[in-house]
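Taking it in order: structure first as structure tokens, then the write-up.
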Amino acid sequence: MRLLLVEDEKRMAQALCEILRLENYEVDHFADGLDGLAAIKSNIYDIVILDVMIPGINGYEIAKRVRNEAITTPILMLTAKAELDDKVTGLDSGADDYLTKPFMTKELLARLRALGRRTLGTADGNLCFGDVILDINTLTLSCATNGLSVRLGEKEYRILEYMIANGGQILTREQLAVKIWGFESEAEYNNVEVYMSFTRKKLNFVEAKTEIKAVRGIGYELRCDDV
């Protein structure tokens, strides 16, 4: 999953990014509210971790604006403002959860997992599409009809997670490049094609009927016509 962290405390941001990446999250960080708001509007993030007191525009206002634009990305507010009224304001602004500083790492990770399950519409740690099952905890791909399974590489997993989460919609190469490699990456479109090839091989390995189809001039589509 790709997370956005909007936090202006440098040490806190560095520590959080390190912790989250060790948990296999992809993380982008911005210290300014306006930059964070623009990043959220890109709609490529699965969860936003949002501080309240940040320069440019505060977290409450960011949450209000993105909800007014019908952006449904889950928001976890992470802040030192611990009064009940502050929590109510955060939740009423559009946050899905509210965690106060200082916090325990285990609690933060548990809350992120809960928001992740809500985002992906799964309660058991699995994503399903056609005849394939993607275990989001072990990065394992399996076929529901024959029981064959294989461990995915990180990028292969990100590709299938994104495609399944979007319900088999056609995704452009640009969408995939930004989602998998991020805004700051120098990844080119041929990287997408290379990893699409790897991912297709994994689908073939488990003998799935689910396929990744290239849509000429646009991008890729996850399809399963035989199930």
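The values are calculated or read from the model by the stated rules, or taken from the named source; none is laboratory data. Quick caveat: nothing in here was measured; it's all calculated off a predicted structure. Every residue, glycine among them, receives a Cβ derived from its backbone with ideal geometry; neighbour counts consider all protein chains shown. For the accessible areas, the whole protein counts, side chains as well, though only heavy atoms, and no ligand, DNA or RNA atoms are used. Shrake-Rupley method; radii C 1.70, N 1.55, O 1.52, S 1.80 Å.
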Consider K179 against the criteria (1) open to solvent by 30 Å² or more (accessible area, probe 1.4 Å); (2) at pLDDT below 85; (3) touching a helix residue (DSSP H, G or I) at 6+ places or on another chain (Cβ under 7 Å); (4) not aromatic (F, W, Y): it satisfies all of them except one. Which criterion is unmet?
(1)
Test L50 against the criterion of being among the hydrophobic types (A, V, I, L, M, F, W, C) and either over 25 Å from L109 (Cβ atoms) or touching a residue at least 12 places away in the same chain (Cβ under 8 Å) (or both), and give yes or no.
yes
So for the stretch 95-109 (the condition being under 29 Å from S149 (Cβ atoms) and either in contact (Cβ under 8 Å) with a residue 24 or more places away in the chain or crowded, with 17+ Cβ neighbours inside 10 Å (or both)), does at least one residue qualify?
yes
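Farther than 13 Å from S93 by Cβ and open to solvent by 60 Å² or more (accessible area, probe 1.4 Å): is that true of K10 in this structure?
Numbers: farther than 13 Å from S93 by Cβ: yes; open to solvent by 60 Å² or more (accessible area, probe 1.4 Å): yes.
Spelling it out, K10 is indeed farther than 13 Å from S93 by Cβ and open to solvent by 60 Å² or more (accessible area, probe 1.4 Å).
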Among the residues of the stretch 2-28 satisfying the criterion of being touching a residue at least 60 places away in the same chain (Cβ under 8 Å) and acidic (D, E), which is farthest from I75 (Cα to Cα)?
E23
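Would you please name the residue that is modelled with the lowest pLDDT, looking only at residues in the stretch 137-163 that are open to solvent by less than 40 Å² (accessible area, probe 1.4 Å) and farther than 16 Å from Y220 by Cβ? Steps first, please.
Keep residues of the stretch 137-163 that are open to solvent by less than 40 Å² (accessible area, probe 1.4 Å), which gives 139-143, 150, 152-153, 156-163.
Then drop every residue that is not farther than 16 Å from Y220 by Cβ, which leaves 139-143, 150, 152-153.
Values: L139: 89, T140: 94, L141: 95, S142: 95, C143: 95, V150: 96, L152: 94, G153: 92.
Ranking the qualifying residues of the stretch 137-163, first place goes to L139.
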K81: open to solvent by 60 Å² or more (accessible area, probe 1.4 Å) and outside any helix (DSSP H, G or I), yes or no?
yes
Consider R118 against the criteria (1) open to solvent by 50 Å² or more (accessible area, probe 1.4 Å); (2) at pLDDT 85 or above; (3) not in a loop (DSSP other than H, G, I, E, B): it satisfies all of them except one. Which criterion is unmet?
(2)
Here is a list of conditions, (1) under 22 Å from A165 (Cβ atoms); (2) surrounded by fewer than 14 Cβ atoms within 10 Å (Cβ to Cβ), and V66 meets all of them except one; can you say which number that is?
(2)
Meets criteria (surrounded by fewer than 21 Cβ atoms within 10 Å (Cβ to Cβ), at pLDDT below 95, of a type in the set (A, V, I, L, M, F, W, C) and on the phi < 0 side of the Ramachandran plot) for L91:
yes
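Hand me the list of strands (runs of 3 or more DSSP E) wholly inside the stretch 122-173 holding 1 or more residues that are small (G, A, S) and touching a residue at least 24 places away in the same chain (Cβ under 8 Å).
Details: elements: 126-129, 132-135, 140-143, 149-151.
By residue number, 140-143, 149-151.
If I ask for residues that are closer than 18 Å to K101 by Cα and either open to solvent by 20 Å² or more (accessible area, probe 1.4 Å) or polar (S, T, N, Q) (or both), which ones from the stretch 30-53 would you list?
Taking the stretch 30-53 and keeping what is closer than 18 Å to K101 by Cα, we get 31, 48-53.
Those that are closer than 18 Å to K101 by Cα and either open to solvent by 20 Å² or more (accessible area, probe 1.4 Å) or polar (S, T, N, Q) (or both): A31, M53.
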